[in-house]
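Input: a single structure, listed below in structure tokens.
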Amino acid sequence: MSTASAPGKFILFGEHAVVYGKPAIAMAIDMRTEVGVERSSSFTLDRRPLGENRSYYIREIMRRWNGGPLDIEIYSRVPPSSGLGSSAALTVAMLGALRSLESVAEKERIAREAFDVEYTVQGGASPTDTSTSTLGGAVFISEKKEDNFRWSVEKKGKIWNIHSIDVPEMSFVVGITGARSSTKDMVEKVGRVVKRSPFGRDVIEEIGKLVEEGRRALKRGDFVRIGELMNENHELLSLLGASCKELDSLITPIKDKVYGAKLTGAGGGGSIIALTDEPERVARKIEQKGGRAHIVSVDRKGLALDDAE
Ligand code: MEV
């Protein structure tokens, strides 16, 4: 049996714009997906025939696998379709387990392959989620190379430089709306806005500038400015059509208790993220408003491989 686990993530700044090569900042969180794989006489997933599985991500990973039949087991604590990187955690952990079985598991290679899987399934993606899940900690993606550069990823003329960065101790609360959202659909939706209107392209540029400022505010440990930029990022994402009433109905009631709050991930449902000094109070308010709240801490491990064959 070869096993691997990988964390979910939230995006602090820059989702969607990062698909167009702009910068982003993401953090791995303490919710993980575990995958075990074992050679077998037929393909099964959680003891059922693999053919019954509906996940496009699993299908795409298995399309790339030519190592013979397997029993696969998946256990995930990352809520699906919630903007918290469940598909990246699954893809990174599953590729980690498969490549361990072949004794070729190496983080950079797995992160690249996981990005390719997401790109194929979603018809467009950035390496933010998959690199963050692989590396753990806080990750800064940018056009330029900076200190603590880890690797770069290129696709269709775009280049993303991946960095591990230090961030101050911060308390974040995730609020899950319960409205499921598809990253593929939301990337396509925003893509239509960006393709059709110069306004959409201007918003992408604005988000890019905001992320750079967010990076500087993080370096200074300036929570007030980080919060303001989170709020602005949410407004800009709303202009692109990425927010929805379920997200706004969790953000509005907590505004006076947080430095800032925004949707996180693809939007259109999914989750919000709030930066606050009063995480319990904010979590209670989110629950009162019908959301599911989690006080999250940063996962420092990233992809963990445990090859016990
Ligand atoms: C999804 O978590 C983040 C998006 O920017 C898509 C991506 O970067 O692949 C919406």
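What is the sum of charges around Val203, taking Lys and Arg as +1, Asp and Glu as -1, for the other residues whose C-beta is under 15 Å from the C-beta of Val203? The partial results should precede the final answer.
On the way: positive: Lys22, Lys189, Arg192, Lys195, Arg196, Arg201, Lys209, Lys262; negative: Glu15, Asp202, Glu205, Glu206, Glu232, Glu235.
Net charge in that neighbourhood comes out at +2.
Among Gly227, Pro279, Gly291, whose Cα projects farthest towards the positive end of the dipole of the range 171-297, with charges put on the beta-carbon of Lys, Arg (+1) and Asp, Glu (-1)?
So the residue we want is Gly291.
Based on the alpha carbon coordinates of the chain, what radius of gyration and maximum Cα-Cα distance (Dmax) apply, in Å?
Rg and Dmax of the chain, Cα atoms, are 18.7, 58 Å.
Where in the range 225-261 does the label zone of Arg192 land, with the point 7 angstrom along Cα→C-beta and an amide N cut-off under 13 Å?
Correct set: 241-242.
Find the centroid of the Cα atoms in the range 220-236 and in the range 147-197, then give the distance between the two in whole Å.
17 Å
Could you tell me the relative contact order of the range 171-297? Use alpha-carbon pairs under 8 Å, at least six residues apart, and round to a whole percent.
Values: 211 pairs, mean separation 53.5, N = 127.
Relative contact order comes out at 42 percent.
Around Ala293, what is the net charge, scoring Lys/Arg as +1 and Asp/Glu as -1 over all other residues with Cβ under 13 Å from its Cβ?
Numbers: positive: Lys257, Arg281, Arg284, Lys285, Lys289, Arg292; negative: Glu278, Glu280, Glu287.
Every neighbour counted, the sum reads +3.
What shape does the range 171-297 have by the C-alpha gyration tensor, where a ≥ b ≥ c are the square roots of the eigenvalues, rounded means a/c under 1.5, and otherwise prolate means a/b greater than b/c and oblate the rest?
On the way: a/c = 2.36, a/b = 1.25, b/c = 1.89.
Oblate shape, in that a/c is at least 1.5 and b/c is the bigger or equal ratio.
Among the listed pairs Lys189/Lys301; Lys156/Lys301; Lys22/Lys262; Lys144/Lys262, give every one whose C-alpha distance is greater than 22 Å. Spell out each step's value before the answer.
Values: Lys189/Lys301 33 Å; Lys156/Lys301 30 Å; Lys22/Lys262 18 Å; Lys144/Lys262 26 Å.
In this structure, Lys189/Lys301; Lys156/Lys301; Lys144/Lys262 exceed 22 Å between Cα atoms.
Starting from the Kirkwood radius over alpha-carbon pairs of the range 2-167, derive D by Stokes-Einstein at 10 °C in a medium of 1.306 mPa s and give it in µm² s⁻¹. Intermediate results must be reported in sequence, preceding the final value.
Numbers: Rh = 15.9 Å.
Diffusion coefficient, whole number: 100 µm²/s.
Hey, can you rank 270-283, 124-137, 20-33 by average C-beta count inside 10 Å, highest first?
Numbers: 270-283: 21.6, 124-137: 27.9, 20-33: 23.7.
Ranked by mean Cβ neighbours within 10 Å, highest first: 124-137, 20-33, 270-283.
Can you work out the Karplus-derived ³J(HN,Hα) for every residue in the range 191-199? Use 6.51 cos²θ - 1.76 cosθ + 1.60 with θ = phi - 60°, whole Hz, and x for glycine or proline.
For the range 191-199, the Karplus-derived couplings read x, 5, 4, 5, 5, 7, 10, x, 4 Hz, x marking Gly and Pro.
Over the chain, what is the mean sequence separation of C-alpha contacts under 8 Å (at least six apart), divided by residue count, expressed as relative contact order in percent?
Working: 731 pairs, mean separation 81.0, N = 309.
Computed value for the chain: 26 percent relative contact order.
Since every read-out is calculated from the coordinates, none of them should be taken as a lab result. Keep in mind that what you see is a predicted model, and the values were worked out from it rather than measured. Please note: Cβ atoms are built from the backbone with ideal geometry, for glycine as well, and neighbour counts cover all protein chains shown.
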